[in-house]
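Take a look at the structure set out below.
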Amino acid sequence: MTKILVINCGSSTIKYQLINMDSTEVLCSGLVEKIGESTSRITHKKFPDTDQATKTVIEERYPTHAEGMHKAVDMMMNGDTAVITDISEIQGVGHRVVHGGSYVKPMVVTDEVKINLEKVIPLAPLHNPAHLIGINVAQEIFPKAKHVVVFDTAFHQTMPDYAYMYPLPYEIFEKYSVRKYGAHGTSHKYVARKAAELLGKPLTHTNLITCHIGSGSSVSVIKEGRCIDTSMGLTPLDGLMMGTRCGSIDPATVGFLMRNAGMDIEQVDKMMTKQSGLIGICGVNDMRDVHAKIAEGDEKAKLALNMLTYRIRTYIGAYFAQLNGQLDALVWTAGVGENDEIVRKNVLDGLTGLGFKLDETENDKRAGEYAVISSPDSKFKIFVIRTNEELEIANETLALL
């Protein structure tokens, strides 16, 4: 039995999932939270033969990622939560990395790879340092396993230069590598493959627009299986309005606020990444709370919904044009994309002129692994596909074992 452990380290968290790759069955998953704080917590789920997971929650202090990772391994190996008897059963460890710079494919972890990840820390200062900590800790705990890094940016590195370049002085690109990189690539890649399967076509002959809509959101356009453009840019701040991120705005706004509002660059950056988007407009960043406020008559919540759906619709229209209308399917995924029928309907009601027609009965249902929500007379298929970034990372890791 081939077992792959997938790890996603944040600044104070560790998400993990152990997968039996022979059956793609999830054996366990978990989340270590509040690492370094006075009270940390681990939530560990063991998946028996039934769909119902057994959840165990323990609160105790984990000063660093090392203690948190050791606790996760202890849960995997001992007591009622155990799913393995020895760490040698884990042949591969797949690490999610938000920003891989110009890496175009997953890589086996080497010293050179880690040095390169350090170099691109300025492009993902909240994410890459934590990823590197997680890699180092995991290598100590699983010294015999093969460690693989899977980059959220990799899928987008097939963009042509005219799509990823910014119209700044060319030496800025040469000196600082300032260009569009994108994000959520692992998710876009996974749902693209699933959509091609549902269409009964090879991915290399499939054209798609994929909408990863959650607390962080991005839209990608995929031509013949290759990403040709995506909404996020140098960083995950660009593109769509999100839960707490502003997305694309006039870049002169930064200088304007610094000159006229007395804000420094750190304050502007914090505002645009943590205090903007949905929460900036209506005070909440969860779409369920936005809908609840709309039901109470909150006009700002209604405005936030309209702003979000307007921007999603704008990107879909632009990417439809990039494909010259030669589209096979539109795909919705991630938390909002998979579960919010109101957002999907509001977006698609404004795209009927392009040939998108929604089956409202199917749209109102909760999708399982996937659903077809386009009406029979829709010119293009519309899918809801549950993303599975962990399985995609595990598959990429398995390929390099």
GNM on the chain, C-alpha springs below 10 Å: top fluctuator among Gly325, Gly239, Gly277? Gly325
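Return the calculated 222 nm mean residue ellipticity for the chain, to the nearest 500 deg cm²/dmol, obtained by summing -39500 (n - 2.57) across DSSP H runs with n ≥ 4 and dividing by the residue count.
Details: 15 runs with 149 residues, N = 401.
Roughly -11000 deg cm²/dmol at 222 nm, from the helical runs in the chain.
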Roughly what % antiparallel, to the nearest 5, for the DSSP beta bridges in the chain? 70
Of Thr64, Thr244, Thr13, which is the most mobile in a GNM of the chain whose springs link Cα atoms less than 10 angstrom apart? Thr64
Along the dipole axis of the chain (charges at Cβ: +1 for Lys and Arg, -1 for Asp and Glu; origin at the Cα centre), the most positive-end residue among Ser375, Gly283, Met76 is Ser375
May I ask which residue of Leu237, Ile133, Val178 lies farthest towards the positive end of the charge dipole of the stretch 120-242, with charges of +1 (Lys, Arg) and -1 (Asp, Glu) on Cβ and the Cα centre as origin? Ile133
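Can you give the FRET efficiency for Glu59 and Ile87, using 1/(1 + (r/R0)^6), R0 = 30 Å, r = Cβ-Cβ distance, to the nearest 0.05? Kindly include the intermediate steps, with their values, before the conclusion.
Details: r = 25 Å, r/R0 = 0.83.
It comes to 0.75.
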Relative contact order of the chain, pairs being alpha-carbon contacts under 8 Å that are 6 or more residues apart, as %: 14
Where the centroid of each part is defined by its Cα atoms, how far is the stretch 97-159 from the stretch 1-52 in Å? 19
Need one word for the stretch 269-320: rounded, prolate or oblate. Basis is the Cα gyration tensor (sqrt eigenvalues a ≥ b ≥ c); a/c below 1.5 gives rounded, then a/b vs b/c decides. oblate
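Evaluate the Kirkwood expression for the hydrodynamic radius of the stretch 268-401, namely the inverse of the mean inverse distance over all pairs of different C-alpha atoms, and round to one decimal in Å. Write out the running numbers ahead of the final one.
Details: mean 1/r = 0.0603 Å⁻¹.
Answer for the stretch 268-401: a Kirkwood hydrodynamic radius of 16.6 Å.
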Over all Cα pairs of the stretch 301-355, how is the pair count split among 5 Å bins, expressed in % and running from 0 up to the last occupied bin? 4, 17, 29, 26, 15, 6, 2, 0
Degrees, to the nearest 10: 185-199 long Cα axis against longest axis of the chain: 70
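Determine the share of the chain's accessible area contributed by carbon and sulfur atoms, expressed in whole percent, with a 1.4 angstrom probe. Don't skip to the end; give the middle numbers.
On the way: 9540 of 18790 Å².
That fraction is 51 percent.
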For the chain: accessible area per residue (Å², 1.4 Å): 47
Select from Asp229, Asp152, Asp161 the residue whose mean-square fluctuation is largest in a Gaussian network model of the chain (Cα-Cα springs shorter than 10 Å). Asp161
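Quick check: from the Cα gyration tensor, does the stretch 328-372 come out rounded (a/c under 1.5), prolate or oblate?
Values: a/c = 1.66, a/b = 1.54, b/c = 1.08.
The shape class here is prolate.
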Put +1 on the Cβ of each Lys and Arg and -1 on the Cβ of each Asp and Glu in the stretch 146-230; which of Pro202, Ser217, Tyr166 then has its Cα farthest toward the positive end of the dipole? Pro202
Under a point-charge model restricted to the Cβ atoms of Lys and Arg (+1) and Asp and Glu (-1), what is the dipole moment magnitude of the chain relative to its Cα centre, in debye to the nearest 20? 560
Is there a pair in Lys3/Lys34; Lys15/Lys180; Lys201/Lys381; Lys3/Lys46; Lys189/Lys223; Lys34/Lys71 whose C-alpha atoms are over 18 Å apart, and which pairs would that be? Lys3/Lys34; Lys15/Lys180
Translational diffusion coefficient (Stokes-Einstein; Kirkwood radius from C-alpha pairs) of the chain at 25 °C, 0.890 mPa s, in µm²/s: 110
Which of the aspartates and glutamates could a cross-linker bridge to Lys365, judged by Cα under 17 Å and excluding same-chain residues fewer than eight apart? Glu338, Asp340, Glu341
Cα gyration tensor category, rounded, prolate or oblate, for the stretch 1-150 with a/c compared to 1.5: oblate
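The values are calculated or read from the model by the stated rules, or taken from the named source; none is laboratory data. Because the structure is predicted, anything quoted here is derived from the model rather than measured. Using ideal geometry, Cβ is built from the backbone for each residue, glycine included, and neighbour counts are taken over all protein chains shown. These area figures cover heavy atoms from the full protein model, side chains too; ligands, DNA and RNA do not enter into them. Shrake-Rupley method; radii C 1.70, N 1.55, O 1.52, S 1.80 Å.
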